[in-house]
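Visitor: My questions all concern the structure below.
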Amino acid sequence: VKIERPRGTRDFLPDEMERRRAIEAVMRRIAESYGYREIATPTFEHLELFTIKSGEGIIEEMYAFKDKGGRDLALRPELTAPVVRLFVNECSVMPKPLRFYYFANCFRYERPQKGRYREFWQFGVELIGSSSYLADAEVITLAYRIMEELKLDFELHIGHVGLLRHLLRDVEEEKAAIVMRLIDKKDVEGLIKHLEEIKAPQDLSEAILSLIELSGGRDVLKDASELTGFDIGHMEKLCDVLDSMGVEYTIDLGIARGLDYYTGVVFEAYAEGLGAQNQICGGGSYRLAHLFGGEDVPSTGFALGFDRIVEICKLTPEEKTVVVVANVGLENEAFKLADLLRRHGICAITDVMERSLKRQLSFANDVNARFAVIIGKKEIESGRYTVKDMASGESLQLEFDSLLEYLSSNIKYKKS
Ligand code: HAM
């Protein structure tokens, strides 16, 4: 019986992993340049952590299970709730603001399709402790700089759920949550039906339907303010900073986000080349800490859909150069030389199949080795190694020091 991997999961081969790591490295570098530091949380958490406020959509898609002790657990569908839990448990007395980033796998029981998996990776940040427009400006700029550096073709949309929540202030929480979810899904028909079902007053329904259509330059903010009576000063100040930073965006008051914890500014980025699953980034400001037993601390953050970005990012990792150390009956010598080369940062491969020299060299071709160093009796006696340039076929005889210099100067290698 051949065992297949579970639906919605993927295997990654070395070429793909190198590409993924190169993209991840850009994200880490930029987040760290803003002073964010990495944290890690468990792969599974108490189910409750996600049912408190993440919303119906997330709950339906959860990988939830009971462990042998009868505890209700879930594989994390996202990391914002875990990070806030960590903050409440471990860091609530640390000086604020706290700047955290994470790169981790998440699990959602969704219908798999291009760009939508049951196990996927998020790179995200959470800036904990500020409700200022400056905090929003920082995380939005950070997300923007990452997507820009990766040369993605994307569009950034920024909204504010406060306007919708303000309109919905007299609607029961559960009913309002459904309104938000339908808006998030862009299901206008369903939304109209739901508003009728909950007997929303005519002017409220009209205001909601007009508000979610408002999208464009920052001047739509005035229309939004007139429509809702909501103070858009925070958004205006945010736009001033973003404009001065050269961050391009569309104001979009139809962004409701699929998670229930957002309270203020929200944003999403969409990219070309992904089909229906084109959202590569989602984030915004939220309040969760008080629900997990902490103080009511405002936070803001985002998560990039790593797999979707990998799919469209053209970045190619630097190719690693490989040296094969081949031998004729001198396996120990080959091991020792390879060991020395590795200590000098060179990637060296030796034979572990007890093959003939000819087959070792043919394998060197198979793995695209740039050079083969050959060790035979003659080489040991003379103290000079034979180096073969696998591309040109030319050979040289060199002593160890010159060999090292020759290889190093011809090789791109990474010392981590
Ligand atoms: P989210 O929008 O649910 O937000 O997820 C963030 C990103 O993860 C999405 O924009 C998308 O690119 C990617 N993503 C989501 N589901 C899948 C999937 N099934 N397969 C592949 N990629 C997927 C959050 O999770 C929030 N925690 C973001 C946040 C951080 N808000 C504040 N801080």
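Visitor: Here is a check on your reading of the model: is E126 part of a strand (DSSP E or B), within 14 Å of the ligand (Cβ to nearest atom), touching a Ser or Thr at 6+ places or on another chain (Cβ under 7 Å) and open to solvent by less than 30 Å² (accessible area, probe 1.4 Å)?
Guide: So E126 fits the description; yes.
Visitor: Separate question: Looking at I255 and the list (1) within 11 Å of the ligand (Cβ to nearest atom); (2) part of a loop (DSSP other than H, G, I, E, B); (3) closer than 30 Å to I346 by Cβ, which single condition is not satisfied?
Guide: All conditions are met except number (3).
Visitor: For segment 59-92, give me the residue count where each residue is open to solvent by 50 Å² or more (accessible area, probe 1.4 Å), assigned to a helix (DSSP H, G or I) and hydrophobic (A, V, I, L, M, F, W, C).
Guide: 1
Visitor: Considering segment 129-155 alone, what residues qualify as being within 27 Å of E61 (Cβ to Cβ) and in contact with a Ser or Thr (Cβ under 7 Å, 6 or more places away or on another chain)?
Guide: Within segment 129-155, V139, E155 qualify.
Visitor: I'm checking my understanding of the structure. Among residues of segment 283-297 that are within 12 Å of the ligand (Cβ to nearest atom) and open to solvent by 10 Å² or more (accessible area, probe 1.4 Å), which one is farthest from the chain's Cα centre (by Cα)?
Guide: Among those that are within 12 Å of the ligand (Cβ to nearest atom) and open to solvent by 10 Å² or more (accessible area, probe 1.4 Å), it is R287.
Visitor: Right, something else. Please verify whether segment 104-112 includes one or more residues that are more than 8 Å from the ligand (Cβ to nearest atom) and in contact with a Cys (Cβ under 8 Å, 6 or more places away or on another chain).
Guide: No, every residue in segment 104-112 fails to be more than 8 Å from the ligand (Cβ to nearest atom) and in contact with a Cys (Cβ under 8 Å, 6 or more places away or on another chain).
Visitor: Then there is this: Filter segment 366-389 down to the residues that are surrounded by 12 or more Cβ atoms within 10 Å (Cβ to Cβ) and within 38 Å of the chain's Cα centre (by Cα), then identify the one that is nearest to P14 (Cα to Cα).
Guide: N368
Visitor: Follow-up. Here is a list of conditions, (1) out of contact with any Gly (no Cβ under 7 Å at 6 or more places or on another chain); (2) open to solvent by less than 20 Å² (accessible area, probe 1.4 Å); (3) closer than 30 Å to L98 by Cα; (4) assigned to a strand (DSSP E or B), and Y270 meets all of them except one; can you say which number that is?
Guide: (2)
Visitor: Tell me, yes or no, whether segment 72-83 has at least one residue that is more than 16 Å from the ligand (Cβ to nearest atom) and farther than 30 Å from P317 by Cβ.
Guide: yes
Visitor: From the list L340, L304, pick out the single residue that is in contact (Cβ under 8 Å) with a residue 60 or more places away in the chain and either part of a loop (DSSP other than H, G, I, E, B) or buried (at least 19 other Cβ atoms within 10 Å of the Cβ) (or both).
Guide: L304
A quick yes/no check of all residues on (1) touching a residue at least 40 places away in the same chain (Cβ under 8 Å); (2) within 26 Å of L47 (Cα to Cα):
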{"position": "E78", "(1), (2)": "yes, yes"}
{"position": "V83", "(1), (2)": "yes, yes"}
{"position": "S92", "(1), (2)": "yes, yes"}
{"position": "P95", "(1), (2)": "no, no"}
{"position": "E110", "(1), (2)": "yes, yes"}
{"position": "F123", "(1), (2)": "yes, yes"}
{"position": "I140", "(1), (2)": "yes, no"}
{"position": "D153", "(1), (2)": "yes, no"}
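Visitor: Please go through segment 95-123 and pick out each residue that is part of a loop (DSSP other than H, G, I, E, B) and buried (at least 18 other Cβ atoms within 10 Å of the Cβ).
Guide: Of everything in segment 95-123, those that are part of a loop (DSSP other than H, G, I, E, B) and buried (at least 18 other Cβ atoms within 10 Å of the Cβ) turn out to be P97, R108, G115, Y117, R118.
The values are calculated or read from the model by the stated rules, or taken from the named source; none is laboratory data. Quantities reported herein were computed from a predicted structural model and do not represent experimental measurements. Backbone-built Cβ (ideal geometry, glycine too); neighbour counts: all protein chains shown. Just so you know, the surface numbers come from the protein's heavy atoms only, side chains and all, with ligands and any DNA or RNA stripped out. Shrake-Rupley method; radii C 1.70, N 1.55, O 1.52, S 1.80 Å.
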